[in-house]
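Some notes on the structure that comes next.
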Amino acid sequence: MERARAWVRRHPTAVTVAGFMTVIGALAITLADKGGEFVHSLGAAPLWILALAILLHVAWLVARSESWHVCVEAAGGSVSRRRLYRASSLGYLGNLFNGQFGLAVRIAALRRSAPADSPKPSVLVAAELPIVVIEIGLAAICSFTLIGPLGAPWWIALVVLAAMAAIFLAGGRFLRDRREGFWQGLSAMRCLGGRNRIIALTVFAVCAQIVRNWLVLKGVGADASIFDSTALLIGMAALGLLPVGPSLGAAAAVLILGAHGVAAVAAAGALLTATAAVGAFCFAAWALVDRLRVPEPLQASAPA
């Protein structure tokens, strides 16, 4: 088992490609007799909906980047917002591969561009956690939206909510006196102002993604509600932990909302992935133009 884990850590690209091909194969089998319907659904979404989906994804990227800036600043970083946004844009391109790779790219880009003004890599990893914790909390609150699509008993949502509340309370006590090293990255959660800003930005970002899901689902003709769109977002976040690459959107849509029509929701998932990719490239293009327009002096390496 340990040897297998070591191999996975050494070959993340191969693992992601294998996961991607596996999911694509499963989707191909599922859609084997629905190819025409799938293609029709892909072309059914109006251009204005696709454009709005791209804008909403860019808004999510900006809100997520600002949340990261708040966390990095609270952790002792003094990197400028513009420089952090540039690093963030590269990381969100990496997210198209998988979330873990995107985080690594963000941290590496920030450390490379601002080594003296950014915290240590371990602290930057921890600085991502306040955002993730709030996102998990929101997912727990909205877990009731999964009951219908997954056919789960109603009390599952209460169990999930109670479990998350217990984890948060225990985590708060555990972290109370841990402020050095890695734990410095969680400083934003100890500051009321920083915590409120992260919560507000995360709620905005999540709402933007829910509306985006709903628009695209409606655009392809799926009979989906805001609750269905929320369930899809939670499903995409959960499946995003697996190395499935760009097949994430279609896989999550079929798994969570397949009852609304497999071809239509698969098309919606594919369009969500495509518009997210375009949004990420737009954000990265801004970063490149901004870097060329407003060059900043190179910084000295951070002291060891």
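The values are calculated or read from the model by the stated rules, or taken from the named source; none is laboratory data. None of these values were measured; they are calculated from a predicted model. Cβ: placed from backbone, ideal geometry, glycine included. Neighbour counts: every protein chain shown.
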(request) Go through (1) touching a residue at least 60 places away in the same chain (Cβ under 8 Å); (2) part of a loop (DSSP other than H, G, I, E, B); (3) under 16 Å from Pro149 (Cα atoms) and name the single condition Val254 misses. (result) (2)
(request) Kindly indicate whether Asn213 is in contact with a helix residue (DSSP H, G or I) (Cβ under 6 Å, 6 or more places away or on another chain) and assigned to a helix (DSSP H, G or I). (result) yes
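Every residue, every condition in (1) in contact with a strand residue (DSSP E or B) (Cβ under 9 Å, 6 or more places away or on another chain); (2) under 19 Å from Cys71 (Cβ atoms); (3) surrounded by fewer than 14 Cβ atoms within 10 Å (Cβ to Cβ); (4) at pLDDT 75 or above, yes or no:
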residue	(1), (2), (3), (4)
Arg178	no, yes, yes, no
Gly181	no, yes, yes, no
Arg190	no, yes, no, yes
Val206	no, yes, no, yes
Gly221	no, no, no, yes
Ser225	no, no, no, yes
(message) Name the residue that is surrounded by the fewest Cβ atoms within 10 Å (Cβ to Cβ), counting only residues in the range 227-248 that are among the hydroxyl-bearing types (Ser, Thr, Tyr) and in contact with a Leu (Cβ under 8 Å, 6 or more places away or on another chain).
(response) Ser247
(message) Just to verify a result, which residue in the range 275-290, among those that are surrounded by fewer than 17 Cβ atoms within 10 Å (Cβ to Cβ) and among the β-branched types (Val, Ile, Thr), is farthest from the chain's Cα centre (by Cα)?
(response) Val289
(message) Anything in the range 121-175 that is farther than 19 Å from Ile226 by Cα, buried (at least 17 other Cβ atoms within 10 Å of the Cβ) and without any contact (Cβ under 8 Å) to a residue 40 or more places away in the chain? List them, or say none.
(response) Val160, Met164
(request) Can you tell me which residue among Leu56, Leu96, Leu90, Leu61 is part of a loop (DSSP other than H, G, I, E, B) and under 17 Å from the mean Cα position of the chain (by Cα)? (result) Leu96
